[in-house]
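> Before anything else, here's the structure in question.
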Amino acid sequence: MIIFGKVFFPMSFKTKFSRIVNPITKNFSFEKFSGLLPFDGLILVYHLVSDEDVKHVKHLFPYRSVRQFEKDLDFLSNHFEFVNWEDYLNQKKTSKPKLLLTFDDGYSEFYDIISPILLRKGIFAINFINPKFIDNKELMWRNKASLIVSEIIDKEEYQDKMFEWTKNELKESISSILSINFENQNQLDEIANHLEINFKNYLQNNPVYLTSEQLIKLKKDGFGIASHGWDHPLYNQLSLEQQIDNTQKSLDYMTDNQFLNDSFAFPFTDHLVTEQFFDLIFKQNSDLKYTFGAAGLKLDSYSKNIQRIPIETKNYSAEEILKNEIIYYQVLKMLGKNTIKRS
Ligand SMILES: [Zn+2]
């Protein structure tokens, strides 16, 4: 039984803030802002880069075209020094502020499109991957949602089938599909079955994720491979025990395959993850140095949890995103809200 309901995504305060300040900050050079950077060593998070219409991603988040990505890198190299994982850990002294690139979810585009660009420019990056989906054994639940929505939009027969089934308008069906959570992910399989969308076939024809072989090659080329949880759950919807199990299983995969077991990046967000989780996971893994969220420029009351800056915002260049992040951070600081507090 599928429960379709109305979903409403309000625009965040930060998004509104960026819309207001962007036309102003646009007129000033980045040098005016870099002095206001609150700490040395920024970490950026991308997912993938592609010139294609990526059906399993396009309804989840925006992504850069090759041209946009190269433009981002050109701007970033002018103002920052890219560092590798070792230099980041050792807090290498650099003349420009340090920058570490990270890519989440282990999409195959990292191998085909991104790594050749980074190798040509001599830039390091870490891939935070979900071991469960490596080798394209299964489609991740959010990718299933995006693929179903893409297929429904593309094919009128699917729209008719959905209407017959749910009596919902197209827009309503789409927002319901996109709001199905980790726990109820079997509903996505149910919808796919009903529409006769075959995820296995899709994966065979379009490898979505990196393969074991590609991971080994990427490691040889100098890139980092690290943990993003076993199967990309939303952590605040899991019990503490489930959070630990999901993280541990993915860290063990890294150890077994001689990838990086000294870092972990939360899938989606670390919002509402408690201190207890951090205490346990660091205690249980003596090699673990840092965990990473993606809340933008912010401090965290758990000092080993570092916030990364999402850098794929649609219609904004990397320069604009960073300027807005810096101003937003300074405003939060004035309000005493620049640190994420954990219970
Ligand atoms: Zn992710």
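> Can you tell me which of Leu215, Leu203, Leu238 is within 16 Å of the ligand (Cβ to nearest atom) and either crowded, with 16+ Cβ neighbours inside 10 Å or of a type outside the set (A, V, I, L, M, F, W, C) (or both)? Quick ask: steps written out before the conclusion?
On the way: Leu215 fails: within 16 Å of the ligand (Cβ to nearest atom); Leu203 fails: within 16 Å of the ligand (Cβ to nearest atom).
Being within 16 Å of the ligand (Cβ to nearest atom) and either crowded, with 16+ Cβ neighbours inside 10 Å or of a type outside the set (A, V, I, L, M, F, W, C) (or both) holds for just one of Leu215, Leu203, Leu238, which is Leu238.
> Count, please, the residues in the range 116-142 that happen to be surrounded by fewer than 16 Cβ atoms within 10 Å (Cβ to Cβ) and basic (Lys, Arg). Even if it seems obvious, please write down each step before you answer.
Taking the range 116-142 and keeping what is surrounded by fewer than 16 Cβ atoms within 10 Å (Cβ to Cβ), we get 116-117, 119-122, 137.
Now narrow it down to the ones that are basic (Lys, Arg): 120-121, 137.
Going through the range 116-142 one residue at a time, the tally reaches 3.
> Looking at the range 290-343 only, could you name the residues that are open to solvent by 40 Å² or more (accessible area, probe 1.4 Å), of a type in the set (D, E, K, R) and either within 24 Å of Asn127 (Cα to Cα) or touching a residue at least 12 places away in the same chain (Cβ under 8 Å) (or both)?
Hits for the range 290-343 are Lys298, Lys304, Lys314, Glu319, Lys333, Lys341.
> Does Lys171 fit the bill of being away from the ligand (no atom under 16 Å from the Cβ) and modelled with pLDDT under 95?
Working: away from the ligand (no atom under 16 Å from the Cβ): yes; modelled with pLDDT under 95: yes.
Yes.
> Counting just the residues of the range 108-154 that are more than 19 Å from the chain's Cα centre (by Cα) and of a type in the set (D, E, K, R), which one comes out farthest from Ala265 (Cα to Cα)?
So the residue we want is Asp154.
> Here is a check on your reading of the model: is Phe268 among the aromatic types (Phe, Trp, Tyr), crowded, with 16+ Cβ neighbours inside 10 Å and assigned to a loop (DSSP other than H, G, I, E, B)?
Working: among the aromatic types (Phe, Trp, Tyr): yes; crowded, with 16+ Cβ neighbours inside 10 Å: yes; assigned to a loop (DSSP other than H, G, I, E, B): yes.
So Phe268 passes the test.
> Within the range 253-276, how many residues are within 16 Å of the ligand (Cβ to nearest atom) and at positive phi?
Looking only at that region, the number is 1.
> Within the bounds of the range 281-290, is there any residue that is of a type in the set (Asp, Glu) and closer than 30 Å to Asn324 by Cβ? Write out each step before concluding.
Residues of the range 281-290 that are of a type in the set (Asp, Glu), as a first pass: 287.
So of that shortlist, the ones also closer than 30 Å to Asn324 by Cβ come out as none.
No.
> Among the candidates Asp262, Asp279, single out the residue that is within 21 Å of Tyr46 (Cα to Cα) and open to solvent by 10 Å² or more (accessible area, probe 1.4 Å).
On the way: Asp279 fails: within 21 Å of Tyr46 (Cα to Cα).
When all the criteria are applied, what remains is Asp262.
> Taking the range 282-311, which residues are among the β-branched types (Val, Ile, Thr) and either assigned to a strand (DSSP E or B) or in contact with a Lys or Arg (Cβ under 8 Å, 6 or more places away or on another chain) (or both)? If you could, list the steps in order and put the result at the bottom.
Within the range 282-311, the first condition is being among the β-branched types (Val, Ile, Thr), and the residues that meet it are 291, 306, 309, 311.
Within the range 282-311, Thr291, Ile306, Ile309 meet the criteria.
The values are calculated or read from the model by the stated rules, or taken from the named source; none is laboratory data. Since we're looking at a predicted model, the values are computed, not measured. Every residue, glycine among them, receives a Cβ derived from its backbone with ideal geometry; neighbour counts consider all protein chains shown. Just so you know, the surface numbers come from the protein's heavy atoms only, side chains and all, with ligands and any DNA or RNA stripped out. Shrake-Rupley method; radii C 1.70, N 1.55, O 1.52, S 1.80 Å.
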